[in-house]
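Working notes, beginning with the structure itself.
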């Protein structure tokens, strides 16, 4: 008897579900009939202009002594566009006032260059006061040799390598550019590869470390002559770490050897220089000093003043500036 009741309830349930389903179908059909015409999804036509870009982080390009440690790893981050053929490469050298070197900087410039078809390597390097010149420049040159030595691994054409940097990175870029074609400051690994570059872009960098305060007030000039000025630590080091005390003029010969102007030769790389008219950190005359010297020695070079631009900042990420940099590299690396 109980089984019969259960069967009856089940049958009733099935009838109710069927009825509900039928009602839903009727309602859906009724709603569909009352809907306007079918809305079409538009097709988006996309022109493929930029490549797929992969990031390879914290690649160790050398191990060097620093502050009593014999093998401190220097690293680079690589932006690698996907390509069936080998691409030109650009080393990005960050600024940091000679006392910092954060390779995370410059991401918009680096991405712009990578989208334009360049393998871009942003490097860290040793800084003052734990080291002094020329060790940071040795790091920059080691990074160039590393990329050439591992060209197949990263899809690089080793014959087409350039370099770009801002501020202290612009200065190191200028040093790498003016000494291009020589073995000066080549030290460490991969010495069977050249550290030469085909083009260099110096953004608001320093050219004469004894005159950084030119164009500024007497008070500013005085601070640049002090022992605590970072350019003094860059050249003299710190007495605590075996360097000498005094300002940038304490050792004029050492300061002269640390200036890119001192190394201009017929093998120096073509160079683009850019400086902001509102730079209150590094005098705009610094890049002009180098530009005039390059012109005098008939090294292909261009210089632009960016109206309203400060020392770094938003102006340097604008398309007009990025396009000038890219076109300059294109003219020598593509």
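The values are calculated or read from the model by the stated rules, or taken from the named source; none is laboratory data. Nothing here was measured: the structure is a model prediction, and the numbers come from that model. Using ideal geometry, Cβ is built from the backbone for each residue, glycine included, and neighbour counts are taken over all protein chains shown.
Restricting attention to region 82-130, the residues being modelled with pLDDT under 95 and in contact with a strand residue (DSSP E or B) (Cβ under 9 Å, 6 or more places away or on another chain) number 1. Just checking, does region 309-316 include any residue being touching a helix residue (DSSP H, G or I) at 6+ places or on another chain (Cβ under 6 Å), surrounded by 17 or more Cβ atoms within 10 Å (Cβ to Cβ) and under 30 Å from residue 85 (Cβ atoms)? No, that holds for no residue. Restricting attention to region 131-146, the residues being closer than 26 Å to residue 330 by Cβ and either outside any helix (DSSP H, G or I) or touching a strand residue (DSSP E or B) at 6+ places or on another chain (Cβ under 8 Å) (or both) number 4.
The set of residues in region 243-278 being touching a strand residue (DSSP E or B) at 6+ places or on another chain (Cβ under 9 Å), part of a helix (DSSP H, G or I) and surrounded by fewer than 24 Cβ atoms within 10 Å (Cβ to Cβ) is empty. It is to be established whether one or more residues within region 96-118 are within 22 Å of residue 190 (Cβ to Cβ), more than 16 Å from the chain's Cα centre (by Cα) and part of a loop (DSSP other than H, G, I, E, B). For region 96-118, residues within 22 Å of residue 190 (Cβ to Cβ), more than 16 Å from the chain's Cα centre (by Cα) and part of a loop (DSSP other than H, G, I, E, B): absent. Check whether at least one residue in region 82-93 is outside any loop (DSSP other than H, G, I, E, B) and over 30 Å from residue 209 (Cβ atoms), and report yes or no. Yes, because at least one residue in region 82-93 is outside any loop (DSSP other than H, G, I, E, B) and over 30 Å from residue 209 (Cβ atoms). Scanning region 305-333 for residues being more than 19 Å from the chain's Cα centre (by Cα) and more than 26 Å from residue 230 (Cα to Cα) gives a total of 2. Within region 300-317, is even one residue closer than 21 Å to residue 211 by Cα and assigned to a helix (DSSP H, G or I)? For region 300-317, residues closer than 21 Å to residue 211 by Cα and assigned to a helix (DSSP H, G or I): absent. Is one or more of the residues making up region 57-80 free of Cβ contacts under 8 Å to residues at least 40 places away in the same chain, within 26 Å of residue 130 (Cβ to Cβ), assigned to a loop (DSSP other than H, G, I, E, B) and out of contact with any helix residue (DSSP H, G or I) (no Cβ under 7 Å at 6 or more places or on another chain)? Checked against the condition, which is being free of Cβ contacts under 8 Å to residues at least 40 places away in the same chain, within 26 Å of residue 130 (Cβ to Cβ), assigned to a loop (DSSP other than H, G, I, E, B) and out of contact with any helix residue (DSSP H, G or I) (no Cβ under 7 Å at 6 or more places or on another chain), region 57-80 yields at least one hit. One residue alone among 281, 240 is surrounded by fewer than 19 Cβ atoms within 10 Å (Cβ to Cβ), in contact (Cβ under 8 Å) with a residue 60 or more places away in the chain and touching a strand residue (DSSP E or B) at 6+ places or on another chain (Cβ under 9 Å), and that residue is 281. Only one entry of 232, 176, 200, 219 meets the criterion of being modelled with pLDDT of 95 or more and in a helix (DSSP H, G or I), and that entry is 176.
Scanning region 279-302 for residues that are touching a helix residue (DSSP H, G or I) at 6+ places or on another chain (Cβ under 7 Å) and either under 26 Å from residue 230 (Cα atoms) or modelled with pLDDT under 95 (or both) turns up 289, 290, 293.
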